[in-house]
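What follows is a set of notes on a single structure, which appears directly below.
Nothing in this text is a laboratory measurement; each read-out follows from the coordinates by a stated rule. Here the structure is a predicted model, which is why all the values come from computation and not from measurement. Ideal geometry is used to build each Cβ from the backbone, glycine not excepted, and the neighbour counts take in all protein chains shown.
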Amino acid sequence: MNSASAVKTNNTVKAPRATRGDQRFKMLDATIKRYQYQQDALIEILHKAQELFGYLEKDVLIYIAHQLKLPPSRVYGVATFYHLFSLAPSGVHTCVVCTGTVCYVKGAQAILANLEKSAHIQAGETSADGQISLLTARCLGACGIAPAVVFDGTVLGNQTPESVLDHIKGWLQDGST
Ligand code: FES
């Protein structure tokens, strides 16, 4: 595993530490390269980033700014201007279910349906107690361990509806004590 390649670009500025070992940044890189590092492609790239991460966290915005050689304030400004972008999940915990093709084939829909039913929320929503934000993403770059789910930024593979629910229950218990 060569995590350094996640930050290898034609740009000499180093990306944030959070990019190390995260396949999603490699996929984001592929999109940025496809747009040839064009600053005009910022919205398309932000869109792809939100697909990959579920929302646009600070490290992602900084990474995009570095790659496009744009001031972070400009990237942040665009991300906040458009309603289709969300900068942060509002819940204490974040669960992102990958609904990309491979994960879908391997049971992502059952995972998502089970979560929605158990937490009484739909994808894109936060539970009434503010504990869990449930999001979806399209391919996390972890197809080899599909179906994959991201729990508070950590990608776990080979998930089942039961294993995901166990993880969520742990959060709920922590929040109630
Ligand atoms: S489709 Fe889910 S990680 Fe690729």
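Just the number, please: Stokes-Einstein D of the chain in µm²/s, Kirkwood Rh from C-alpha pairs, 25 °C, 0.890 mPa s.
It diffuses with D of about 147 µm²/s by this estimate.
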C-alpha center-to-center spacing [segment 85-113, segment 29-70] in angstrom: 20 Å
Quick numbers on segment 93-176, Rg and Dmax over C-alpha atoms in Å, give 11.6, 36
Please work out whether segment 84-123 counts as rounded, prolate or oblate from its C-alpha gyration tensor, where a ≥ b ≥ c are the square roots of the eigenvalues and a/c under 1.5 means rounded, while otherwise a/b larger than b/c means prolate and anything else oblate? oblate
Count of lysine pairs in the chain with Cα atoms under 28 Å apart, counting only pairs 8 or more residues apart in sequence or on different chains? 26
Among 95, 42, 141, whose Cα projects farthest towards the positive end of the dipole of the chain, with charges put on the beta-carbon of Lys, Arg (+1) and Asp, Glu (-1)? 42
Taking H as built 1.01 Å from N, whose amide H comes closer than 5 Å to the amide H of residue 132, not counting residues under 5 places away? 92, 93, 127
